[in-house]
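Remarks on the structure that follows.
None of the figures in this text is laboratory data; all of them are computed from the coordinates on show. What you see is a predicted model; the values in this text were computed from it and never measured. We place every Cβ from the backbone using ideal geometry, glycine too, and count neighbours over all the protein chains shown.
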Amino acid sequence: MGGMISYARPDGKASSGYGVEPTQGSQAPGVVVIQEWWGLDDQIKGVAEKLAAQGYRALVPDLYRGKLALAANEAEHLMNGLDFADAATQDIRGAVQYLKATGSSKAGVMGYCMGGALTLLASVFVPESDANATWYGYPPLEAIDAAKIRAPLLGHWATQDQFFAIGGVDALEQKLKAASANYAFYRYDAKHAFANEESDARKLPPLGYNPEAAKLAWDRTMAFFQDHLR
């Protein structure tokens, strides 16, 4: 089990997050995990604990500063109130810097939905990150300067995604190809949030948990981090 920790952002302000240390200790590689639009809830804490069980130090920044959403309208309100540039360049970058300053020789970023969009921004604005894995989320594509992406990038996308259309993924891929970025994208015949085991309980038709796709994407992510963080 993990707990809340405090860390410094590049601008000197304090941020906090949910941290989990593996049995291997603080010398293990690190992964910063970015929440969905629901906030720092038990589900995303569970992802951090799963990473720790795989031997990674995991840190989930509390981007909503303690607020949680139970319904989609609340989540949308919190997400729309979030300064994405500040979150990527300060909270997320600070979390990567913290992991590296406290023992991890390498650290990466992984995020889902809104967190997937922020992971893509981190691939541009967090040069300290050694590998980035985004799950079914992207920001407005004009925010992505693909020429600045240095670390390997992994993407998991849902072909039936009603929040992040697969056409946008195709356009993003063209940008990455043009910049000769090191990336691998996988497309799954699934709905948005297919890796979140609570998706069906939300009773939102655009969401759908797909355990087969979730396992395949997780296994690919573990292989990706094994290659680039260890």
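Below, the figures for the structure above:
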{"read-out": "Residue in the range 144-151 that is more than 26 Å from residue 45 (Cα to Cα), without any contact (Cβ under 8 Å) to a residue 24 or more places away in the chain, in contact with a helix residue (DSSP H, G or I) (Cβ under 9 Å, 6 or more places away or on another chain) and loosely packed, with under 13 Cβ neighbours inside 10 Å present", "value": "yes"}
{"read-out": "Single match in 115, 103 (criterion: among the small types (Gly, Ala, Ser) and more than 19 Å from residue 62 (Cβ to Cβ))", "value": "103"}
{"read-out": "Conditions (1) touching a Leu at 6+ places or on another chain (Cβ under 6 Å); (2) closer than 22 Å to residue 190 by Cα; number of the one not met by residue 107", "value": "(2)"}
{"read-out": "Filtered residues of the range 194-215 (kept if within 19 Å of the chain's Cα centre (by Cα) and either within 19 Å of residue 41 (Cβ to Cβ) or surrounded by 15 or more Cβ atoms within 10 Å (Cβ to Cβ) (or both))", "value": "194, 195, 196, 197, 198, 199, 207, 208, 209, 210, 213, 214"}
{"read-out": "All positions within the range 39-66 that are over 23 Å from residue 106 (Cβ atoms) and exposed (fewer than 15 other Cβ atoms within 10 Å of the Cβ)", "value": "42, 46, 65, 66"}
{"read-out": "Residue list for the range 86-120, filter: without any contact (Cβ under 8 Å) to a residue 60 or more places away in the chain and either within 30 Å of residue 205 (Cα to Cα) or charged (D, E, K, R) (or both)", "value": "86, 87, 88, 117, 120"}
{"read-out": "Boolean, residue 147 is part of a loop (DSSP other than H, G, I, E, B) and either more than 25 Å from residue 196 (Cβ to Cβ) or among the acidic types (Asp, Glu) (or both)", "value": "no"}
{"read-out": "The range 40-72: number of residues that are in contact with a strand residue (DSSP E or B) (Cβ under 6 Å, 6 or more places away or on another chain) and polar (S, T, N, Q)", "value": "0"}
{"read-out": "Condition check for residue 127: under 26 Å from residue 163 (Cα atoms), within 17 Å of the chain's Cα centre (by Cα) and not acidic (Asp, Glu)", "value": "no"}
{"read-out": "Residue that is surrounded by the most Cβ atoms within 10 Å (Cβ to Cβ) [pool: residues in the range 79-103 that are under 17 Å from the mean Cα position of the chain (by Cα) and more than 19 Å from residue 4 (Cα to Cα)]", "value": "88"}
{"read-out": "Failed item, numbered, when residue 72 is tested on (1) buried (at least 19 other Cβ atoms within 10 Å of the Cβ); (2) in contact (Cβ under 8 Å) with a residue 60 or more places away in the chain; (3) hydrophobic (A, V, I, L, M, F, W, C)", "value": "(1)"}
